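Below is one structure, written out as structure tokens; comments come after it.
Read-outs: derived from the displayed coordinates by stated rules, not from any lab. The structure displayed is predicted, hence computed values, not measured ones. Positions of Cβ are generated from backbone atoms using ideal geometry, with glycine treated the same way; all protein chains shown enter the neighbour counts.
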Amino acid sequence: MNLSKQIRLFKPSFNQEEINAIKDVFKKPWLGYGPKVKEFEKKFSKFIGSNYTVGLNSCTAALHIALAIHKFKKKKKVLVPCMTFSATAAAILYNDLEPVFVDINKDDLNISFEDLKRKYTKDCVAVMAVHFAGHPCKMDKIVPWAKKKNLIVIEDCAHTCGGTYKNKKLGTWGDFGCFSFEDKKIISTGDGGCIITKNKKYYELLKSFSFHGWSKDPWERHLKRKNDKHWFYEIKNLGFKYNMNNLIAAIATTQLKKLVNLNSDRIKIIQKYLNGTKNLKNFSYPFEFNLTKSCYWLFILKTKKRDKFIKFLKANGISATVHLMPLPYHPIYKKFKANFPNAKETWKQLVSLPLFTDLKLSEISLILKKVKFFDKYYNKF
Ligand SMILES: *Cc1c(COP(=O)(O)O)cnc(C)c1O
């Protein structure tokens, strides 16, 4: 198997524009936290329709501080879907809180509202809604219910950026929206992320927690260096070093400018996948793709012969993988006992196919040809 010739699962999309944006930062040079981050934050807020954005070095950082700023009592509980990336639940443990694993829906891979209500107890302080693969959670049900229970709502938007639900951007439904700009995600800066909120008090805390817990923004202090005591700040919180820097912000701002086009490219590829797979006998979809104003990160198929199918694709030069094994199966989460029959059944069938905006037509055709072959000779596998 020649792995270097294999069709990749993900690939960041960039051109000379990103490279020029970085060169620009080096001219100054001011590589760390500074004006490029501010510029990105302003533009992201405008794009997503939120009052505030804090640029960060990852979505994991965003999830961590979305919980940390509330200083919840130890061992309080956070409702989280059992099928999500490890960081969503790790953020709960970082805060000495306990995850309550909620099952997913049968007709999509998102947190089940029915099971959410069932698993809720008085000890719960927050709910994490993960828009799995970019498919929106039923935020119109989750948010009003959570507000009645006094729960903080955190949207993990690592799988989407610019997608909407009922005409409202994902990330703006809850109290916090957390985004990832990791190498494989929708916007790609190598590593990076941000958090959005409507609430000024939360915003100030998020800023402080993302920069050592300081009371003052270091760039603003720098701008006021004519003042006698420009150097003064206080440490108000136990903060972290989670800020975005100018280099990452320069790439992120360039990618943000292209995002609408990148998302429509993704939609076109998914449409081709859907057209090419609609009549298959041994495959189904994990949810009904709604491609208007959407942003999907993954194209997933379901098949009972999942492992054999992945092996077959790999042998034919096509990367494929599984998103994801339910978290309660992992040793670290085993002690948080949970019932999750839907996820148990579903995850065994999930296969993610290559999806990135530079995927060539010839590559999509090859992938579809192989999927159809597997379907036709399914019984032989
Ligand atoms: C990738 C991912 C994260 C973490 O993103 P980073 O930017 O790598 O920290 C969090 N949640 C989900 C659902 C993810 O897929």
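Residues whose amide H falls under 5 Å from that of CYS124, counting only those 5 or more places apart or on a different chain, are LYS77, with hydrogens built in the peptide plane. Computed about its Cα centre, the charge dipole of segment 316-381 is approximately 300 debye, with only Lys, Arg, Asp and Glu carrying charge at their Cβ. Fully extending the segment from LYS147 to GLN16, taken as 0.36 nm per residue of separation minus the present Cα-Cα distance, adds 42.6 nm.
In the chain, the calculated helix contribution to ellipticity at 222 nm averages -11500 deg cm²/dmol per residue, counting -39,500 (n - 2.57) for every DSSP H run with n ≥ 4.
Its Cα gyration tensor gives segment 130-181 an equivalent ellipsoid, and the semi-axes of that ellipsoid, as √(5λ) in whole Å with the largest first, are 18, 12, 8. Over every Cα atom in segment 169-319, the radius of gyration and the widest Cα-Cα span, Dmax, amount to 22.0, 74 Å.
Run the dipole for segment 208-254 about the Cα centre, Lys and Arg Cβ at +1, Asp and Glu Cβ at -1, nothing else charged, and hand back the magnitude in debye, nearest 20.
140 debye
Contact order for the chain, expressed relative to its length and based on alpha carbon pairs under 8 Å spaced 6+ residues apart, stands at 24 percent.
Checking the Cα-Cα distances for LYS138/LYS257; LYS311/LYS344; LYS119/LYS304; LYS168/LYS308; LYS28/LYS226 against a 31 Å cut-off, the pairs over it are LYS168/LYS308. In summary, the chain shows an alpha-carbon radius of gyration equal to 1.02 times the 2.2 N^0.38 Å reference for compact globular proteins. Projected over every direction and averaged, the convex hull enclosing the alpha-carbon atoms of segment 18-114 yields 9.0 nm².
Each peptide among 200-208, 79-87, 229-237 gets the average number of other Cβ atoms lying within 10 Å of its residues, and from highest to lowest they stand as 79-87, 200-208, 229-237. Rounded to the nearest 20 debye, the dipole magnitude of the chain is 460 debye, with +1 charges on Lys and Arg beta carbons, -1 on Asp and Glu beta carbons, and the Cα centre as origin.
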